[in-house]
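Participant: This structure is in structure tokens; I'll ask about it shortly.
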Amino acid sequence: MDWGLQNRISHIIKPNDNRALMLAVDHGYFLGPTEKLEVPRKTTAPLLKYCDSIMLTRGVQRTSIDPKSSVPIVLRVSGGSSIIGEDLSNEQITVSIKDAIRLNASALAMSIFVGSKYEQQTIVNLGRLVNEAEEYGIPVLAVTAVGKEIGQKDARYLSLACRIAAEQGAHIVKTYYCEDFDKVIESCPVPIIVAGGKKIAERDALELTYNSIKGGAVGVDMGRNIWQSENPVPMIRAVRAIIHGNVNVDEAYELYKKFCQPKPKSPKAEK
């Protein structure tokens, strides 16, 4: 693995503790203006200082992220179908390596749909993306997409999907937490980051984070469970406390509630 590739991976998975907190805001590429992500700049601005990296599309990066930001970019480079289309798995690579370099991406992200009608297409595209990206020392993150038509979130299926992604050369794999998650970790030779998934209660999302780390994942890529929370900044800070502070679920939830409390006014402000 060359220096540039290792350096970019270290931007995403922090070498001091081998942990990662990725903020997911790439939902619009197939969902459109997702609830509470209608104005990406407004959603992301207060959260950037607490994440290690942010996963997004080039459109959101160009229009909604300050170019002076030092937060590493994980650039979504696949797409092709919307939520109202015939098949979400019918994706292609939509961003060139040259554009990714112009955008200073630390990693490229694309989905594979193991078990779907377009399985072969997405897996071959992953291999091609790795071929091109490695010429420029850019790591690739493969997302193991799931759905009713392509398999359930169980250890057997996710182990299959993660291993295939790694075998194609993905440097990091994003997948889902499941029962017997240790089997997924053991069978995948590259780091795994767990997807946050749909919005759930705050304590449940913190438990998901804790269980993922305890189970062997290097971190989470969390979106809706942060910015769809009524208190997004306290939520991301609590998630960060688990990932980088090694606190447990109860401690993290207490921190979340503490962060939600309004700061007391200073004596000067009252005068």
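The values are calculated or read from the model by the stated rules, or taken from the named source; none is laboratory data. Quick caveat, the model's predicted, so the values are computed rather than measured. Every residue, glycine as well, gets a Cβ built from its backbone with ideal geometry; the counts of neighbours run over all protein chains shown.
Participant: Output the residue which, of all residues in the stretch 155-178 that are in a loop (DSSP other than H, G, I, E, B) and under 18 Å from the mean Cα position of the chain (by Cα), is surrounded by the most Cβ atoms within 10 Å (Cβ to Cβ).
Facilitator: So in the stretch 155-178, the residues in a loop (DSSP other than H, G, I, E, B) come out as 168-171, 176-178.
Add one more test, that the residue is under 18 Å from the mean Cα position of the chain (by Cα), and what stays is 170-171, 176-178.
Numbers: ALA170: 27, HIS171: 25, TYR176: 23, TYR177: 21, CYS178: 18.
So, considering only residues that are in a loop (DSSP other than H, G, I, E, B) and under 18 Å from the mean Cα position of the chain (by Cα), the one surrounded by the most Cβ atoms within 10 Å (Cβ to Cβ) is ALA170.
Participant: Please work out which residue is surrounded by the fewest Cβ atoms within 10 Å (Cβ to Cβ), limiting yourself to the stretch 204-222 and to residues that are closer than 19 Å to VAL190 by Cα and aliphatic (A, V, I, L, M).
Facilitator: Ranking the qualifying residues of the stretch 204-222, first place goes to ILE213.
Participant: Does at least one position in the stretch 179-198 carry a residue that is more than 15 Å from LEU23 (Cβ to Cβ), among the basic types (Lys, Arg) and not in a helix (DSSP H, G or I)? Let's see the steps before the verdict.
Facilitator: Applying the first criterion (more than 15 Å from LEU23 (Cβ to Cβ)) to the stretch 179-198 yields 179-192, 198.
Checking the rest, the ones that are also among the basic types (Lys, Arg) come to 183, 198.
Checking the rest, the ones that are also not in a helix (DSSP H, G or I) come to 198.
Yes, the stretch 179-198 has at least one match.
Participant: Let me ask something else about it. Name the residues in the stretch 103-115 that are in a loop (DSSP other than H, G, I, E, B) and of a type outside the set (A, V, I, L, M), would you? I'd like the intermediate steps shown before the answer.
Facilitator: So in the stretch 103-115, the residues in a loop (DSSP other than H, G, I, E, B) come out as 103-106, 113-115.
Residues satisfying the conditions are ASN104, SER106, PHE113, GLY115.
Participant: Which of the residues spanning the stretch 199-233 are assigned to a loop (DSSP other than H, G, I, E, B) and either under 26 Å from ASN16 (Cα atoms) or touching a residue at least 24 places away in the same chain (Cβ under 8 Å) (or both)? Walk me through it before giving the result.
Facilitator: Taking the stretch 199-233 as the starting set, the residues that turn out to be assigned to a loop (DSSP other than H, G, I, E, B) are 199-201, 215-218, 223, 228-231.
Hits for the stretch 199-233 are LYS199, ILE200, GLY215, GLY216, ALA217, VAL218, GLY223, GLN228, SER229, ASN231.
Participant: Looking at the stretch 2-26, which of the residues that are assigned to a loop (DSSP other than H, G, I, E, B) and modelled with pLDDT of 95 or more is surrounded by the fewest Cβ atoms within 10 Å (Cβ to Cβ)? Break it down stepwise before answering.
Facilitator: Of the residues in the stretch 2-26, the ones assigned to a loop (DSSP other than H, G, I, E, B) are 2, 13, 15-18, 25-26.
Keeping just the survivors that are modelled with pLDDT of 95 or more gives 13, 15-18, 25-26.
Working: ILE13: 21, PRO15: 10, ASN16: 7, ASP17: 13, ASN18: 11, VAL25: 25, ASP26: 24.
Top of the filtered list is ASN16.
Participant: Would you tally the residues in the stretch 23-43 being within 16 Å of ASP221 (Cα to Cα) and of a type in the set (Gly, Ala, Ser)?
Facilitator: Number of matching residues: 2.
Participant: In the stretch 30-53, how many are surrounded by 12 or more Cβ atoms within 10 Å (Cβ to Cβ), in contact with a Ser or Thr (Cβ under 7 Å, 6 or more places away or on another chain) and outside any loop (DSSP other than H, G, I, E, B)?
Facilitator: 5
Participant: Go through ALA241, ALA201, ALA252 for me and flag whichever is out of contact with any Lys or Arg (no Cβ under 8 Å at 6 or more places or on another chain), more than 26 Å from ALA109 (Cβ to Cβ), crowded, with 20+ Cβ neighbours inside 10 Å and hydrophobic (A, V, I, L, M, F, W, C).
Facilitator: Numbers: ALA241 fails: more than 26 Å from ALA109 (Cβ to Cβ); ALA201 fails: crowded, with 20+ Cβ neighbours inside 10 Å.
Criteria check complete, one pass: ALA252.
Participant: Considering the stretch 135-154 alone, what residues qualify as being outside any loop (DSSP other than H, G, I, E, B) and modelled with pLDDT of 90 or more? Lay out the reasoning, then the answer.
Facilitator: Here is the first cut: in the stretch 135-154, the residues outside any loop (DSSP other than H, G, I, E, B) are 135, 140-144, 147, 151.
Listed by number, the residues that qualify are GLU135, VAL140, LEU141, ALA142, VAL143, THR144.
Participant: Right, next: For residues in the stretch 59-102 being assigned to a loop (DSSP other than H, G, I, E, B) and in contact with a strand residue (DSSP E or B) (Cβ under 6 Å, 6 or more places away or on another chain), which is farthest from TYR136 (Cα to Cα)?
Facilitator: Residues of the stretch 59-102 assigned to a loop (DSSP other than H, G, I, E, B): 65-72, 77, 80-91, 94-96.
Within this subset, residues satisfying the condition of being in contact with a strand residue (DSSP E or B) (Cβ under 6 Å, 6 or more places away or on another chain) are 71-72, 77, 80, 91, 94.
Working: VAL71: 20, PRO72: 17, VAL77: 16, GLY80: 25, GLU91: 23, THR94: 18 Å.
So the residue we want is GLY80.
Participant: Something else: Tell me which of these LYS42 doesn't satisfy, since it passes every other one: (1) out of contact with any helix residue (DSSP H, G or I) (no Cβ under 6 Å at 6 or more places or on another chain); (2) touching a residue at least 24 places away in the same chain (Cβ under 8 Å); (3) not aromatic (Phe, Trp, Tyr).
Facilitator: (2)
Participant: Just a yes or no: is a residue in the stretch 56-63 closer than 30 Å to ASN246 by Cα and modelled with pLDDT of 95 or more? Before you say what the answer is, go through the steps one by one.
Facilitator: We begin by selecting, within the stretch 56-63, every residue closer than 30 Å to ASN246 by Cα; these are 56.
Checking the rest, the ones that are also modelled with pLDDT of 95 or more come to 56.
Yes, the stretch 56-63 has at least one match.
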